[in-house]
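What follows is one structure encoded as structure tokens, with my remarks underneath.
Just so it is clear, none of the values below were taken in a lab; they were calculated from the coordinates. Quick caveat, the model's predicted, so the values are computed rather than measured. All Cβ positions, even for glycine, are placed from backbone atoms using ideal geometry, and neighbour counts span all protein chains on display.
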Amino acid sequence: MKNIYLLLIPILLFTACDDISNNNRNLLTISAPQEFIHKNSTEPIREIKPEKSEVVKKIKKVPIKEYNFIFEDLKNHTSKVTMKDDIYTFSNIEQPIVMVVLFSTWCPPCRGQIPHLSNLQKRFKEELFIIGGLVHDNIKSKEFQKFINAQKALFFISTNQKENLKFANMITPRLRLDRDFPMPLMILFFKGKYFTHYEGAMPEEMIESDIKQLLIKLKKGN
């Protein structure tokens, strides 16, 4: 009996090895997935084309707008003001500090401010030039001259209301004010640049303090 078992063992081993060999052969004949094909394969490689780049359009530079205004008083004296790129050029004015005052004769705070402006013009005449601009007023020329004499206005006042309003309509949005702005509206410029502004009547001492601050900058060469 033992001899029979000994004879069967080699036969079983041979059969098992033959099955394993057949299985291995079957595994080798399975084709590899397409994505794992070697780069040296003869199958052509599909070329991936980049997307078309968008054409960049050139943006035209918008020219900076220039504003021009002509202030003119009762004696036909004029001063032209040009504003470009937030730089204000006042023709015929040598003083480095310029104040533009928009006012009306019927406005009580405006009338009350005039003597103080005259005082400042007298005290700082070498460094300060004040331009008054009459707006929203129906006063006649003769009556306005009487008004100037009575109020002792000692500074330049433009009666060209059309130009004065053009200036007001240009600058009020830059000051974040409505067209119905409080009066008097006083805008202070230093060397052609906006410095500060005052809405309504202001104490003379407050304006004087700002002027002295600018004079210090002027001495330092700023």
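For trypsin sites (Lys or Arg not before Pro), the sites in the stretch 68-142 that DSSP calls loop and that have at most 14 other Cβ atoms within 10 Å are 75, 125, 140. Electrostatic bookkeeping for residue 141 treats Lys and Arg as +1 and Asp and Glu as -1; over the other residues with beta carbon under 13 Å from its beta carbon, the sum is 0. Over 23 Å apart at the Cα level, from the set 65/191; 75/162; 75/217; 65/220, are 75/217; 65/220.
What you get for the stretch 66-219, charging only the Cβ of Lys and Arg (+1) and of Asp and Glu (-1), is a dipole of about 260 debye around the Cα centre.
Karplus-derived 3J(HN,Hα) values for the stretch 167-184, using 6.51 cos²θ - 1.76 cosθ + 1.60 with θ = phi - 60°, are 5, 4, 5, 6, 8, 4, x, 6, 8, 6, 10, 6, 5, 8, 6, x, 10, x Hz; glycine and proline are entered as x.
Taking each residue as 0.36 nm, the span from residue 122 to residue 106 lengthens on full extension beyond its C-alpha to C-alpha distance by 3.3 nm. Of the GluC sites (Glu not before Pro) found in the stretch 85-161, those in coil by DSSP whose Cβ has at most 11 other Cβ atoms within 10 Å are 94, 126. Projecting the Cα atoms of 194, 177, 207 onto the charge dipole of the stretch 141-222 (Cβ charges, centred on the Cα centre) puts 194 farthest toward the positive pole. Is the stretch 66-219 rounded, prolate or oblate when judged by the Cα gyration tensor, a ≥ b ≥ c being the square roots of its eigenvalues, rounded requiring a/c under 1.5 and prolate requiring a/b larger than b/c? Here the stretch 66-219 falls in the rounded category.
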